[in-house]
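For reference, the structure discussed in these notes is given below.
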Amino acid sequence: MPKDSQVTQPARAGRAQVLSLTLDPSTLSVPVGGALVVWCPSLEHDVAVAVSPVAERERVARLRRPEDRARSLTGAWLLRQVAAAALGVDPAQVAIDRACDCGRQHGRPHVTAAPGYRADGGSPDRAVDLSLTHAGSVVGVACALRGRVGLDVEPRAAFDSERAGEVLDTAATPEEQARARSEPDVALAAGRLWVRKEAVLKATGHGLTQDPRTLSLDPVSGDLTGWPFPEPVTSVHVRDVDPDSAHLGALALIEPVGTLRSPTEARRAAPLVRVLRVLPDIG
């Protein structure tokens with residue numbers, strides 16, 4: 001984990017009735033100019049259903065497997081907890097939309113309603129940017145008060161030699177392929193490259209509709225070496241934020257337009273990334 005990250009020891013939500021399961025908002029502070037990453041194990045299905053509003057339950061009804069419904073509901077619950085803490089309101093007062101271009105609720109999350117919040121971004125001090133990711137039983141949310149965030153996670157075991165080869169062949173530039181294949185652990189280098197690229201593309205809002213090969217990163221350091229978008233490359237920061245030893249996680253933070261620095265200044269002024277692992281205690 002990068003040296004400029006602050007790792008907080010596991011925190012537990014206080015014992016509460018399941019229907020009002022909450023996290024202590026004082027533990028969810030977002031670093032000024034930086035980002036907060038919160039990792040949480042997926043809630044058990046019955047608990048996830050109990051803490052979710054009717055609209056969320058209806059949204060996941062189409063998912064056939066209980067574990068998929070539980071993971072999706074846990075993500076929605078965690079989004080509300082993190083956004084509410086950032087805005088200083090009750091989670092029940094926060095509405096979050098994840099409408100995709102296709103009309104389904106699996107797109108980039110954004111707050112649409114909360115007391116004192118302007119969804120059009122007219123209140124910079126109240127702006128909240130969110131990103132959601134999950135893999136297996138791990139769910140993660142990233143939040144920033146300035147700029148845009150993207151968060152991605154994948155099981156480390158998913159990157160065997162075959163998958164690593166596929167990633168390098170389909171998502172890596174020739175330079176990235178050569179760099180990754182020179183590493184002692186090629187599968188790990190490919191996995192890191194994948195989650196970092198997906199985090200960046202989540203932050204830009206393109207997702208995998210953008211060919212990952214149009215941007216390039218050093219598979220070892222994570223430094224951007226090629227950037228196809230209009231924002232200055234010095235405003236983009238990529239960090240490794242693994243939730244545990246079994247998963248690979250990456251965060252991308254794009255600073256607001258107008259934050260111009262030289263590459264040297266950008267490295268010195270890298271924003272603080274706070275990583276929190278929560279273990280909700282449902283009694």
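Quick notes
- Förster radius 25 Å - calculated FRET efficiency between residue 170 and residue 67, Cβ distance, rounded to 0.05: 0.35
- Order by protection proxy (mean Cβ within 10 Å, highest first), peptides 158-171, 190-203: 190-203, 158-171
- Packing-based ranking, highest mean first, of 225-238, 36-49 given that Cβ atoms within 10 Å are counted: 36-49, 225-238
- Per residue, the accessible area of segment 193-244 comes to 38 Å² when a 1.4 Å probe rolls over the protein heavy atoms.
- Ordering of 85-98, 143-156 by burial proxy (mean other Cβ atoms within 10 Å per residue, highest first): 143-156, 85-98
- On the basis of the beta-carbon distance and an R0 of 22 Å, residue 272 and residue 89 show a calculated FRET efficiency of 0.40.
The values are calculated or read from the model by the stated rules, or taken from the named source; none is laboratory data. If you're wondering where the values come from, they're calculated on a predicted model, not measured in any experiment. For neighbour counting, all protein chains shown are included, and Cβ atoms are generated from backbone atoms with ideal geometry for every residue, glycine included. These area figures cover heavy atoms from the full protein model, side chains too; ligands, DNA and RNA do not enter into them. Shrake-Rupley method; radii C 1.70, N 1.55, O 1.52, S 1.80 Å.
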